1. Quote the relative contact order of region 3-137 in percent (integer), defining contacts as alpha-carbon pairs under 8 Å separated by 6+ residues.
2. Nothing charged except the Cβ atoms of Lys and Arg (+1) and of Asp and Glu (-1): what's the magnitude of the dipole of the chain about its Cα centre? Round to the nearest 20 debye.
3. Can you list the HN-Hα couplings for region 9-18, worked out from phi with the Karplus curve (6.51, -1.76, 1.60; θ = phi - 60°), rounded to whole Hz and with x for Gly and Pro?
4. Check the chain and count each lysine pair with an alpha-carbon distance under 21 angstrom, considering only pairs eight or more places apart or from different chains.
5. For region 47-144, run through the trypsin sites (Lys or Arg not before Pro) and keep only the ones in DSSP coil with at most 16 other Cβ atoms within 10 Å of their Cβ.
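Bear in mind these aren't lab numbers, they're just calculated from the coordinates by the rules spelled out. Since this is a predicted model, take the numbers as computed values, not measurements. When we count neighbours, we look across all protein chains shown, and the Cβ atoms used for this are built from the backbone with ideal geometry, even at glycine.
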Amino acid sequence: MTFLEDLARYTAVGTLLERLQPFALEHIDHWKQGEFHHDLVVRLKNRPDELAGPVLVISTNCNGGVKELINLATVPERWALWNYRCPDNPEFEGTIYPVLGLVRTHHWYDPHELLKPDARSEYKPEHRRRQRGGGWVPVDSEEE
C-alpha cells in the first residue's frame, strides 16, 4: 500500500486533516463546484518521503466524505484541475502537471454528473444559477 493509498483510508475530511497535521499542513485554497463537490488544496511543508510531491488536492462531497486525493508537485489552477477531470468541457482550460498520484475512495463518482444541465439541485430553479463549467450555485453567489 502506498502512502497516498493509506491516506485514502481516512474517508472523512476531518480525520484526514488530523492525519496530515504532523507534516506541517498548510491550507492553500478551497473551491466549490456546484452544490456537491469541494476541492481543498493543501501543502505539506514537511513532506514524507513516501509522497512524491508536497501538494494534495483533497476532493470531498458535500458531507465531507473524501472522494479523491491528487498528489502534485505544484499548486494547480482551479480551472486546470477541472480540465484534467473533464477535458471535453470547453469552459475549463489549462494543464496540471505532473500528476504524481491519484487515489479514489468509495465516495467517488463521475464528476461529469455534477455538471450536466439537468444535474440534481437542492435549490429551486428561481434561486439558482449555473456555475462556470456546470453545477448550481445560489443566484446571488459570487462563485464563478
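1. Details: 261 pairs, mean separation 30.1, N = 135.
With pairs under 8 Å counted, the relative contact order is 22 percent.
2. In total the dipole reaches around 160 debye.
3. Per residue, the Karplus-derived 3J(HN,Hα) values read 5, 8, 8, 10, 4, x, 5, 5, 5, 4 Hz.
4. Values: Lys32/Lys67; Lys32/Lys116; Lys32/Lys124; Lys67/Lys116; Lys116/Lys124.
Summing the qualifying lysine pairs gives 5.
5. Within region 47-144, the qualifying trypsin sites (Lys or Arg not before Pro) (loop, at most 16 other Cβ atoms within 10 Å) are Arg120, Arg132.
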